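The values are calculated or read from the model by the stated rules, or taken from the named source; none is laboratory data. Keep in mind that what you see is a predicted model, and the values were worked out from it rather than measured. Using ideal geometry, Cβ is built from the backbone for each residue, glycine included, and neighbour counts are taken over all protein chains shown. All accessible areas refer to the heavy atoms of the entire protein, side chains included, with ligands and DNA or RNA removed. Shrake-Rupley method; radii C 1.70, N 1.55, O 1.52, S 1.80 Å.
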Amino acid sequence: MPGLDEILKLRAPGLLGCALSGAGPSILVFYERGYEPVCDLVRQVFAMHGHASEILWTQIAQKGYELTEG
């Protein structure tokens, strides 16, 4: 994946880490609350390699995955 090496080496306040999601093409960005702008660093790396990117904001479930009947 173009730019993956640079993304994995990123260091910035609030950035906890980045990882390739599955076989790609998604990158997971883990950051401390209040440091959302670190996601733009990943977008900048993709842009340097000529790729567009989109941020999909998600939250970590407090209880983990739950099955419901229905």
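What pairs come out if I take residues in segment 1-25 that are under 15 Å from D40 (Cα atoms) and pair them with residues that are open to solvent by 40 Å² or more (accessible area, probe 1.4 Å) and among the small types (G, A, S) whose C-beta lies under 8 Å away, six or more apart or interchain?
Partner pairs satisfying both residue conditions: G14/G34.
Under the condition of being on the phi < 0 side of the Ramachandran plot and open to solvent by less than 50 Å² (accessible area, probe 1.4 Å), which residue from segment 18-39 is nearest to the chain's Cα centre (by Cα)?
Here the answer is V29.
Taking R11 and the conditions (1) part of a loop (DSSP other than H, G, I, E, B); (2) surrounded by 12 or more Cβ atoms within 10 Å (Cβ to Cβ); (3) out of contact with any strand residue (DSSP E or B) (no Cβ under 9 Å at 6 or more places or on another chain), which numbered condition does it fall short on, given that it satisfies the others?
Result: R11 fails condition (2) only.
This table checks each residue for (1) surrounded by 10 or more Cβ atoms within 10 Å (Cβ to Cβ); (2) assigned to a helix (DSSP H, G or I).
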position	(1), (2)
P2	yes, no
L16	yes, no
L41	yes, yes
A47	yes, yes
S53	yes, no
Y65	no, no
